[in-house]
């Protein structure tokens, strides 16, 4: 890949992660703080390498080479902090990945080594920063983005050079040797004919997508793995350019797996002039779903931390004001005891204040970080406790839960306190939305989630159900259909289930007019429509 192509690739990645000139300025502003710490970081870096024989084996020149490498690392760190992040900068990062292939260094050591440097830089910044806390968060985010971009270019070069080396080796040998190599690669490898039919489908591709090779060979690749017309057309054009002799590096698109899930892939494609008697296209895809998810989660965590900090201060200050208002209202009530209309207005004002205080607390709870305390529990005990805790809410109501969980192992690794919040929010919504007699059916079945054993829990009521907009927006923060709701209950539920590496979604029985399965007063299935929430929890911790 030419330096210009590399730089365009880097600029595209910058746009993808949201890198800006302000981020570059923040990183350069860290330089004066972190420069005095570089020597200690470098010494720690090479001391750690010497404790790992597999990493140390690529250093064949002894202590003299290590000293030279320390100087190289110092230059790399100074360039990271000072920039400029131009074409020459990107080319040097690319050469790092290519050099790792040449010396035989396993790429996993690059990842953990960069993680160690990242931790050291962030720790030093945290200890030495004396400025505004919000600016500190933005600066650390900028440094994380820059390190992610560096690692992406190094990995891209490593994958490209590593694959080029393996393909060159395969070309020198027989087709059988080629298949042996690509089948061992931790990448999705697909070979396509000119008409886009699948000629080869690697074992890793089978594990990633859930399709067996026999199910896809001869089928049209575009229709098998892409259901969005726009994506399908973009991939068709990219493959067309490759067939014309232009290699494709780093082309990204989502694919649809057999179970309906999506994986985000980064592809390198190469024209094969003569594969099994005809022109073919080799596509090598790296699954970058986890990287993208991790970046999105990190950004979300930063946003939530900022919201939580702001709300904590706002709740504290407003609490004082609300307390003063409450005292004044109580004094006013004593003055107008003989005026019922005024008393009613005061009571309405007090309720509005209570609702405002509740809103502050729920926003703070939503934004606050939490750490799960996972234990092995029968999940049925959790939803029964949640129902018991709603005894005041359902007092005087004809409301019952019906369980359909026979012969199903309900034990999962969960945080009982957090999961009880999820069930309480869902059950409370049913109490608010449904008229009596309210019947809620909870059904458990065994399931699989990302190839791991899981438990599927369906919670279905016999109420009015959700319209399409409600079903689409139910997990959005501040979306509510309640007159006094804050709209955070189901958003918090999603955060908790996501933290368990699980899934929560609106079920198919949810639309108005659908036939719910809530139990009737006599215990038989009710024909009333209802809202269904489906939770899938992994049985073991990730």
Could you tell me which residue of region 402-414 is surrounded by the fewest Cβ atoms within 10 Å (Cβ to Cβ), considering only residues that are at pLDDT 90 or above and either assigned to a loop (DSSP other than H, G, I, E, B) or in contact with a helix residue (DSSP H, G or I) (Cβ under 6 Å, 6 or more places away or on another chain) (or both)? 409
Could you check how many residues of region 115-133 are assigned to a helix (DSSP H, G or I), in contact with a helix residue (DSSP H, G or I) (Cβ under 7 Å, 6 or more places away or on another chain) and closer than 20 Å to residue 28 by Cβ? 8
Among the candidates 35, 47, residue that is over 31 Å from the mean Cα position of the chain (by Cα) and either without any contact (Cβ under 8 Å) to a residue 12 or more places away in the chain or part of a loop (DSSP other than H, G, I, E, B) (or both): 47
Conditions: (1) crowded, with 19+ Cβ neighbours inside 10 Å; (2) more than 29 Å from residue 188 (Cα to Cα). Residue 158 meets all but one. Number of the miss? (2)
Kindly indicate whether any position in region 76-93 is part of a helix (DSSP H, G or I), in contact with a helix residue (DSSP H, G or I) (Cβ under 6 Å, 6 or more places away or on another chain), more than 27 Å from residue 8 (Cα to Cα) and assigned by TED's automatic domain parsing to the domain that holds residue 143. no
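For every residue, the table says whether it meets (1) within 24 Å of residue 505 (Cβ to Cβ); (2) out of contact with any strand residue (DSSP E or B) (no Cβ under 9 Å at 6 or more places or on another chain).
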{"residue": "386", "(1), (2)": "yes, yes"}
{"residue": "394", "(1), (2)": "no, no"}
{"residue": "409", "(1), (2)": "yes, no"}
{"residue": "425", "(1), (2)": "yes, yes"}
{"residue": "429", "(1), (2)": "yes, no"}
{"residue": "437", "(1), (2)": "no, no"}
Give just the number: which of (1) within 23 Å of residue 122 (Cβ to Cβ); (2) without any contact (Cβ under 8 Å) to a residue 24 or more places away in the chain does residue 15 not satisfy? (1)
Select from region 452-470 the residues that are in contact (Cβ under 8 Å) with a residue 40 or more places away in the chain, surrounded by fewer than 19 Cβ atoms within 10 Å (Cβ to Cβ) and not in a strand (DSSP E or B) and write down the one among them that is farthest from the chain's Cα centre (by Cα). 464
Closer than 26 Å to residue 6 by Cα and either touching a helix residue (DSSP H, G or I) at 6+ places or on another chain (Cβ under 6 Å) or surrounded by 14 or more Cβ atoms within 10 Å (Cβ to Cβ) (or both), is that true of residue 98? yes
Quick test for you: out of 198, 255, pick the one residue that is more than 24 Å from residue 536 (Cβ to Cβ), outside any helix (DSSP H, G or I) and touching a residue at least 12 places away in the same chain (Cβ under 8 Å). 198
So, of the residues in region 229-252 that are more than 24 Å from residue 276 (Cα to Cα) and without any contact (Cβ under 8 Å) to a residue 24 or more places away in the chain, which turns out to be surrounded by the most Cβ atoms within 10 Å (Cβ to Cβ)? 251
How do the pairs read when you match residues in region 265-281 that are more than 20 Å from residue 208 (Cα to Cα) with residues anywhere that are surrounded by 20 or more Cβ atoms within 10 Å (Cβ to Cβ) and modelled with pLDDT under 90, using Cβ under 9 Å and keeping only pairs 6 or more apart or on different chains? 270/163
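The values are calculated or read from the model by the stated rules, or taken from the named source; none is laboratory data. Worth saying up front: this structure is predicted, and the values here are computed from it rather than measured. Here the Cβ is made from the backbone with ideal geometry for all residues, glycine too, and neighbour counts use every protein chain on show.
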